[in-house]
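Asks: Supplied in structure tokens, the structure appears directly below.
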Amino acid sequence: MFPREVISTGPLILRPPAERDVEAQVRACADPETVRFLPELPVPYTAQDARDYLRTAEAKWRDGGAEFTVTGADGGFLGSIGLRPPDVRGNVEIGYAVAPWARGRGVATTAARAVTDWAFGHGVGRVELLAELENLASLRVAYAAGFTQEGRLRRARTLRDGRRADLVSFGRLAGEGEAVFEPYLPFFADGYLSDGVVRLAPMTVGDAADFSRMLAVPSVSAYTLGPPTTPEEDEQRCRHTGWWWLSGQRLEVSLREEESGAFAGHLQLSQVVPVFGQAMVGYSLMPDFRGKGLMTRAVRMLVAWAFENTALHRIVAGTDVGNLASQRVLERAGFSREYVVRELFPREDGSWADDVEWLRLRPEAK
């Protein structure tokens, strides 16, 4: 059982919840983002719900867990953070919520780090954290608070609309050095890249229908590896974009024509290997937008961004020997033809196609 203590950490004070928090708790729990990622939260959230939460917090303390209100030095309500009682293996799970008026100030990161260290000081050996895969704010907190990503729990939470969502699992161990999170693939500074003709932005679930329609085009599917995907699988891929990007696994972007705003295609940097400083670029373009040089512009812009904003040293690409249009894009985008891998790509008729490999090096390495 944890002692009922007050934790002071930097500009924050963490204390047990109290009746004076009710009004602020109600306002915080009316926030759409809070409602979105806390599906168990009553809607609308009332003062009675806030008082029920106070009783739940008291029960958590009695059962061996802990619950804190996060405040600033002036006592203003900033959010909540708590630890579930230890499970049968002696591990505890941490959870947090930040009021909308306190976001963007590192409140959750500071509080999560402090509560985790406090738990270690009271004999806990392992603290676990689960974050919904699409909750990028919570994922950022987990990484920044020194937690190590350990896996993905597929369809582990039921959302308000009945859809099942994935959870990303993290852990911190007592006595281990605190991990320092430096994103290998930072997000675009402005949320997108544009040269005035084409715009690149992270894929979202809003792109799923267009993306699925593009993959069904015969001239696209002919050069797509793997079995055909369903619209549901394409939507799931779009939902994974933020997590993949934040965790440094890959980035996936939509390509839109600036003038019309229409979805024109898709690009990705995948197979990211930090030890080699290498990633692979891939792309597909809708038929109506071909012949305009849009993909060449997009590849140039994405590669330039990667060399300017990441530690990547090599960007490679593989093309089916028969995909001359893709090869011309790479040539115009500054890639050099490297070599041919014989019979690498399987074809629908059972034959195999050669792979032509391409490379661009970080400019100063030339």
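Asks: Just in region 7-42: which GluC sites (Glu not before Pro) are loop by DSSP and have at most 13 other Cβ atoms within 10 Å?
Replies: Here the sparse-neighbourhood loop sites are E40.
Asks: Given a 1.4 Å probe and heavy atoms of the protein chains only, how would you sort L302, L361, largest accessible area at the top?
Replies: Descending accessible area places them as L361, L302.
Asks: Can you give the FRET efficiency to the nearest 0.05 for R347 and D288, using r as the Cβ-Cβ distance and R₀ = 30 Å?
Replies: E(calc), rounded to 0.05, equals 0.70.
Asks: Got a sec to turn the phi values of region 110-127 into Karplus ³J(HN,Hα) couplings, 6.51 cos²θ - 1.76 cosθ + 1.60 with θ = phi - 60°, whole Hz, x for Gly and Pro?
Replies: 4, 5, 5, 5, 5, 5, 5, 5, 4, 5, 4, x, 10, x, 6, x, 8, 10
Asks: Also, quick follow-up: So how compact is the chain: Cα radius of gyration and Dmax in angstrom?
Replies: My reading of the Cα-based Rg and Dmax gives 24.3, 72 Å.
Asks: Can you tell me the alpha carbon radius of gyration of region 49-194 divided by the globular rule-of-thumb value 2.2 N^0.38 Å?
Replies: In units of the globular-protein estimate, region 49-194 measures up at 1.11.
Asks: Under the rule a/c < 1.5 gives rounded, and otherwise a/b versus b/c splits prolate from oblate, where does region 171-229 land using the Cα gyration tensor?
Replies: Oblate, because a/c is 1.5 or more while a/b does not exceed b/c.
Asks: How big is the antiparallel share of DSSP beta bridges in region 261-328, given as a percent to the nearest 5?
Replies: Here the antiparallel bridges make up roughly 70 percent for region 261-328.
Asks: Follow-up question, since we're still on this one. Once Lys and Arg get +1 and Asp and Glu get -1 on their Cβ, which of V115, L133, G146 lies farthest toward the positive end of the dipole of region 108-163?
Replies: Comparing the listed Cα positions along the dipole, L133 ranks first.
Asks: When N counts the residues of region 1-55, how does its alpha-carbon radius of gyration compare numerically with 2.2 N^0.38 Å, as a ratio?
Replies: Its radius of gyration relative to the 2.2 N^0.38 Å reference: 1.30.
Asks: How far apart, in nm, are the 7 Å Cα→Cβ label points at L136 and A216?
Replies: Reported label-point gap for L136 and A216 is 2.8 nm.
Asks: Please compute, for the alpha-carbon atoms of region 252-316, the extent along each of the three principal axes and give them in descending order in Å.
Replies: On the principal axes, region 252-316 reaches 39, 19, 17 Å in Cα extent.
Asks: Continuing with this model, one more query. Filter the GluC sites (Glu not before Pro) in region 277-358 to those in DSSP coil with at most 15 other Cβ atoms within 10 Å of their Cβ, and list the result.
Replies: E348
Asks: Wrap a convex hull around the Cα atoms of region 297-366, take a quarter of its surface area, and give that in square nanometres.
Replies: Across all orientations, region 297-366 yields a mean hull projection of 5.2 nm².
Asks: Explain nothing, just the number: dipole magnitude of the chain about its Cα centre with +1 on each Lys and Arg Cβ and -1 on each Asp and Glu Cβ, in debye rounded to the nearest 20.
Replies: Roughly 300 debye, rounded to the nearest 20.
Asks: Given the whole protein assembly as supplied and a 1.4 Å probe, what does the accessible area of S221 come to in Å², nearest 10?
Replies: Around 50 Å² of this residue is reachable by solvent.
Asks: Quick one: net charge of A137's neighbours, Cβ under 15 Å, K/R +1, D/E -1?
Replies: Combined, the nearby Lys, Arg, Asp and Glu give 0.
Asks: Now for a separate question. Please get the size of the charge dipole for region 81-222, origin at its Cα centre, with Cβ charges of +1 on Lys and Arg and -1 on Asp and Glu, quoted in debye to the nearest 20.
Replies: 420 debye
Asks: List the GluC sites (Glu not before Pro) within region 119-179 that fall in a DSSP loop (any state other than H, G, I, E or B) and whose Cβ has at most 15 other Cβ atoms within 10 Å.
Replies: Answer in residue order: E176, E178.
Asks: Work out the length of the dipole vector of region 120-201 about its Cα centre, built from +1 on the beta-carbon of each Lys and Arg and -1 on the beta-carbon of each Asp and Glu, and round it to the nearest 20 debye.
Replies: 460 debye
Asks: Sticking with this one: Three principal axis extents, largest first, for the C-alpha atoms of region 150-204, in Å?
Replies: That gives 50, 38, 14 Å along the principal axes, largest extent first.
Asks: For the modelled label position 7 Å from the Cα of E232 along Cα-to-Cβ, which residues of region 1-43 have backbone nitrogen atoms closer than 20 Å?
Replies: The answer is none.
Asks: With the cut-off at 1.5 for a/c, could you classify region 237-366 from its C-alpha gyration tensor as rounded, prolate or oblate?
Replies: rounded
Asks: Another one. I'd like to know how region 147-256 sits against the 2.2 N^0.38 Å rule of thumb: what's its Cα Rg over that expected value?
Replies: Against the compact-globule rule of thumb, the ratio is 1.30.
Asks: May I ask for the distance between the Cα centers of region 15-42 and region 178-224, given as a whole number of Å?
Replies: So the two Cα centres are separated by 34 Å.
Asks: Moving on to the next point. Fully extended, how many nm does the chain gain between R332 and E176 (0.36 nm per residue separation, minus their Cα-Cα distance)?
Replies: Here the answer is 51.3 nm.
The values are calculated or read from the model by the stated rules, or taken from the named source; none is laboratory data. Note that the coordinates shown come from a computational prediction; the quantities given were computed from them, not determined experimentally. Methodologically, a virtual Cβ is constructed for each residue, glycine included, from the backbone with ideal geometry; neighbour enumeration extends over all protein chains shown. The area values use the complete protein model at the heavy-atom level, side chains included, leaving out ligands, DNA and RNA. Shrake-Rupley method; radii C 1.70, N 1.55, O 1.52, S 1.80 Å.
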